[in-house]
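**Q** Take this structure first; my questions come after.
The values are calculated or read from the model by the stated rules, or taken from the named source; none is laboratory data. Computed from a predicted structure; not experimentally measured. Neighbour counts run over all protein chains shown; Cβ positions are idealised from the backbone, glycine included.
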Amino acid sequence: MADVRISALSPAASVATNTVVPVVRSGASVTEKATLEQVSDAVLDAASFLQAGADAVARAPEAKLREFVTPWDFGAVGDGVADDTAAWAAALATGKTVHEPVGGTFRITSGLTLATLGQRVIGAGPYKTTIQPEGSFDVFTITNAGNGVEHLRLLCSGQTGGRVLVFDQAVNSHVNRVVAVSPHNFAYVYGNNNVTIANSLVGTARGDYTVKWFGDGNGPGAGKGTILHLTNFIASGDSSDKPIGMDMDGNVGSLFINNAAFLSGHGYGFRARNTSGGSNPVLVEANNLTVEFTDYGIYIEAGSAFEFTNTYSLGAAVGDAVNVAAGVQHVRFANGTLSGAAGYGINAGSGVRVRAVNMDFDNNDLGPTSGVVVCQATSFWLDAGAFFQLQSGNTTVAFDSGDYMSFDRAQNLLSFVVNSVIPLRLSETVAETAVPFRLPSYTVATLPSAANFVRCMVYVSNGAGNKRLAISDGSNWRWPDGTVVS
């Protein structure tokens, strides 16, 4: 072949990696041959990446590019039609943080697991990176410390069962800036210490719950949950499934809610209970919680130490805005609006008992419809040392349909109302009665200890000489003439 200039050669239609090209070594007069693959490797080996900024250190390009992985590295298609499960699973199996920086819709047909310390899934944004689960399975299971799912959307209309996010003993883990559409059981937190669900939106949640925090057993251990943060979170429910909005169940404690809303379509907006048979839930601090147009509002069925500030429970369609069961301890509502549509603003339950606790309703608007604290069976009482307080607003305690106690904070006045008549009014200085006052009745033999009823009066049904009224001086029961009852 005659000598030909390279510039005169025709362009190649395609070039394979095993294509041979001439190579002239620097300073040498000998021409050698090499494949394009050899030339490419040599170029990469000679190249380096240098980050901008003082004291940056040169690194090999491959080392830089392998800091994290993407599903595209493992064959993802991202068109919402192809099954991209294998690509996402392979990316997560590297143990590295998985970034999806481009955007796409990824159809997933089986569960994915974050199992490596500190591993995260980070999308390009809730309206660019879409995970589309189809079938019945847990979409993301988070099992190690520091794991997180961020900046993506979950389009779950094809999810027929399972859960979207499962935190299984994954301490210090989080969900941030996630949008979920029609999820089946959005988040299930089992045990765990310090999990955060933040800056997220859930639309038309299906299944049994939107967020469930569950702990089993007694005392500390694998099944105990401590510290769950729910921040800047909004969810609506599916009106057919009626899931629980926030379900706090069993041996869990320290739930911190800040700026959260559980809206229509939910069965219960907030529910604290114990189905595990172990320890009860403890310590809730909720600030700016809204429960609106759910079937049932805030129901506290078990546990202690619940404080709700700036809380709005409105328009419960079936039950009460707030319902506190017997035996629950330390409950406080302050600066909120608690108003039922079908039930009561606050329902303390039939036969509720306040046991040496602080049950405080402070400066709440109890609403125009049924803003009352209710004991439906005329059985609301305080044990020794108990403290029950109503302050400001529409503060009425109803015993049944026509009878109630009215607390007037401004006048320091307690009134008992029976069918619109006030038979008893108590203030700091006087007790007024508008109907006959009934005393407890005893016989001489059944009189209780006078020491327990200092300055109290009783009716003695069999007093001698027609004597009936007896008063305790702390040592003895005495007739009005001063003689000891005998």
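**Q** Can you name the number of the only condition in (1) on the phi > 0 side of the Ramachandran plot; (2) modelled with pLDDT of 95 or more; (3) not aliphatic (A, V, I, L, M) that His266 fails?
**A** Result: His266 fails condition (1) only.
**Q** Within the bounds of the range 229-243, is there any residue that is at pLDDT 90 or above and of a type in the set (Lys, Arg)?
**A** In the first step, residues of the range 229-243 are kept if they are at pLDDT 90 or above; the result is 229-243.
Remaining after also requiring of a type in the set (Lys, Arg): 242.
Looking through the range 229-243, at least one residue is at pLDDT 90 or above and of a type in the set (Lys, Arg).
**Q** Separate question: Quick one: which strands (runs of 3 or more DSSP E) sit completely within the range 172-247 and have at least 1 residues that are surrounded by fewer than 18 Cβ atoms within 10 Å (Cβ to Cβ)?
**A** Working: elements: 174-181, 187-190, 193-205, 209-215, 225-237.
Answer list for the range 172-247: 174-181, 193-205, 225-237.
**Q** Quick one: is Gly75 assigned by TED's automatic domain parsing to the domain that holds Ile142, at positive phi and in contact with a helix residue (DSSP H, G or I) (Cβ under 8 Å, 6 or more places away or on another chain)?
**A** Details: assigned by TED's automatic domain parsing to the domain that holds Ile142: yes; at positive phi: yes; in contact with a helix residue (DSSP H, G or I) (Cβ under 8 Å, 6 or more places away or on another chain): yes.
Spelling it out, Gly75 is indeed assigned by TED's automatic domain parsing to the domain that holds Ile142, at positive phi and in contact with a helix residue (DSSP H, G or I) (Cβ under 8 Å, 6 or more places away or on another chain).
**Q** Oh, and also: Residues that are modelled with pLDDT of 90 or more and surrounded by 11 or more Cβ atoms within 10 Å (Cβ to Cβ): list the strands (runs of 3 or more DSSP E) wholly contained in the range 400-486 that include at least 1 such residues.
**A** Details: elements: 403-408, 413-418, 421-426, 431-433, 457-460, 469-472.
Once the strands (runs of 3 or more DSSP E) in the range 400-486 are filtered for at least 1 residues that are modelled with pLDDT of 90 or more and surrounded by 11 or more Cβ atoms within 10 Å (Cβ to Cβ), what remains is 457-460, 469-472.
**Q** Also, quick follow-up: May I ask you to verify whether Arg153 is more than 20 Å from Leu255 (Cβ to Cβ), charged (D, E, K, R), surrounded by fewer than 20 Cβ atoms within 10 Å (Cβ to Cβ) and free of Cβ contacts under 8 Å to residues at least 60 places away in the same chain?
**A** Working: more than 20 Å from Leu255 (Cβ to Cβ): yes; charged (D, E, K, R): yes; surrounded by fewer than 20 Cβ atoms within 10 Å (Cβ to Cβ): no; free of Cβ contacts under 8 Å to residues at least 60 places away in the same chain: yes.
In short, no.
**Q** Of everything in the range 34-65, what is in a strand (DSSP E or B) and farther than 27 Å from Asn18 by Cβ? Give them in sequence order.
**A** From the range 34-65, those in a strand (DSSP E or B) are 34-35, 49, 59; that's our starting set.
Those that are in a strand (DSSP E or B) and farther than 27 Å from Asn18 by Cβ: Phe49, Arg59.
**Q** When you scan the range 31-42, do you find a residue that is under 30 Å from Glu134 (Cα atoms), surrounded by 11 or more Cβ atoms within 10 Å (Cβ to Cβ) and charged (D, E, K, R), even just one?
**A** no
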